[in-house]
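The values are calculated or read from the model by the stated rules, or taken from the named source; none is laboratory data. All values derive from a computational prediction rather than experimental measurement. Virtual Cβ from ideal backbone geometry, glycine too; neighbours counted across all protein chains shown. Calculation scope for accessible area: heavy atoms of the full protein, side chains included, ligands and nucleic acids excluded. Shrake-Rupley method; radii C 1.70, N 1.55, O 1.52, S 1.80 Å.
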Amino acid sequence: MANLGIVIPAAGQGKRMGAGCNKQFLQLKGQPILIHAVRVFQMSDYVSEIVIVGAENDLALIKELVDHYKLDKVVSVCQGGAQRQDSVRSGVLALSPAIQRVVVHDGARPLLTLKDFHRFLQEAEGFSAAIMGIQVKDTIKQVNNSGIVTDTLPRELLRAVQTPQIFERNKLEEAHMRAASVGYYGTDDASLLEWIGYPVQMIEGSLENIKVTTPEDLWLSERILAMREK
Ligand SMILES: Nc1ccn([C@@H]2O[C@H](COP(=O)(O)OP(=O)(O)OP(=O)(O)O)[C@@H](O)[C@H]2O)c(=O)n1
Ligand SMILES: C[C@](O)(CO)[C@H](O)COP(=O)(O)O
């Protein structure tokens, strides 16, 4: 399980947050969201290196934060691309050749605990690709372009997918390269392996491991952190 490489995509624009800056620099309990997201991997004995992928204009600030918070497992802060997938691809290529297993985790998911990460690693052992996801609580319907419901999907088979996602490095690289060569885009990394036909194992995630996407997620994140302090 040791010798893991971590890729943190953090090169988004945070448009849905509407903060006028990259949402990952907004503070949660006095520290940037991005730092919360990275720290869990800095603390894990299974992790040997971390790559953070940032937007061109954010690279200097990310490097300053890495120094300030003494994140000495961060081996590279590299430039991302137009889509999340382009950013992850750059990050994977920046890992050192010794890394055989890669974990991808959104820079906008600051609430993953070390305990949940280690449980995930344990349950992912033996699988070439595994992802965190949670059972959906609502009924999910499919609609057409006019908003007419075309299907009610079987809820027991549905999962809302999170990160971390773990992969054998050669399969992740292959999937990213093949997708890039034909311009195929997926909303997560696992979908690229699924597209090729590789199996991906689902592992139970955590309700608290939310992605900070819209302003109410910030409020919820503060509440979750406050609850953990009790
Ligand atoms: N070109 C991109 C787009 C997204 N991300 C990262 O992927 C994660 C998940 O993306 P999301 O929450 O959608 O972030 P944004 O793209 O910043 O949000 P929005 O779509 O609202 O602009 C974030 O950590 C984000 O920084 C990235 O590295 N490179
Ligand atoms: C990878 C992800 O966090 C899984 O839920 C999600 O798909 C990222 O999507 P986004 O549109 O870039 O937020």
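Considering only DSSP states other than H, G, I, E and B, which trypsin sites (Lys or Arg not before Pro) in the range 88-183 qualify as loop sites with at most 11 other Cβ atoms within 10 Å? Before the final figure, lay out each step's value.
Working: sites: R89, R101, K115, R119, K137, K141, R155, R159, R169, K171, R178; in loops: K137.
Sites meeting the loop and neighbour criteria: K137.
So what's the gap between the Cα centers of the range 1-47 and the range 92-131, to the nearest angstrom?
So the two Cα centres are separated by 14 Å.
Per residue of the chain, what 222 nm ellipticity follows from adding -39500 (n - 2.57) for every DSSP H run with n ≥ 4, rounded to the nearest 500? Walk me through the intermediate numbers first.
Values: 7 runs with 78 residues, N = 230.
When only DSSP H runs of four or more count, the value is -10500 deg cm²/dmol.
I'd like the FRET efficiency for S96 and N57, computed as 1/(1 + (r/R0)^6) with the beta carbon distance as r and R0 of 35 Å, rounded to 0.05.
Numbers: r = 26 Å, r/R0 = 0.75.
Efficiency at R0 = 35 Å is approximately 0.85.
Per residue, how much accessible area does the range 4-229 have with a 1.4 Å probe, in Å²?
Per-residue accessible area for the range 4-229 comes out at 50 Å².
Among DSSP beta bridges whose residues both lie in the chain, state the antiparallel percentage, nearest 5. All intermediate terms of the calculation are to be shown ahead of the outcome.
On the way: 15 of 35 bridges.
About 45 percent, rounded to the nearest 5.
Rounded if a/c is under 1.5, else prolate if a/b beats b/c, else oblate: with a ≥ b ≥ c from the C-alpha gyration tensor eigenvalues square-rooted, which is the chain? Don't skip to the end; give the middle numbers.
Values: a/c = 1.35, a/b = 1.14, b/c = 1.18.
Rounded, since a/c falls under 1.5.
Relative contact order (percent) for the range 4-229, with alpha-carbon contacts under 8 angstrom and 6 or more residues of separation? Each step should come with its number before you reach the end.
On the way: 411 pairs, mean separation 53.6, N = 226.
Over the range 4-229, the number comes to 24 percent.
For the range 4-229, with all protein chains present and a 1.4 Å probe, just round the carbon and sulfur fraction of the accessible area to a whole percent. Display every interim value, and only then the final one.
Details: 5630 of 11210 Å².
Ligands and nucleic acids excluded, carbon and sulfur give 50 percent.
Determine, for each peptide in 37-50, 195-208, the mean count of other beta carbons within 10 angstrom over its residues, then list the peptides with the highest first. Please report the intermediate quantities before stating the final value.
Working: 37-50: 19.2, 195-208: 14.7.
The densest-packed peptide leads the list: 37-50, 195-208.
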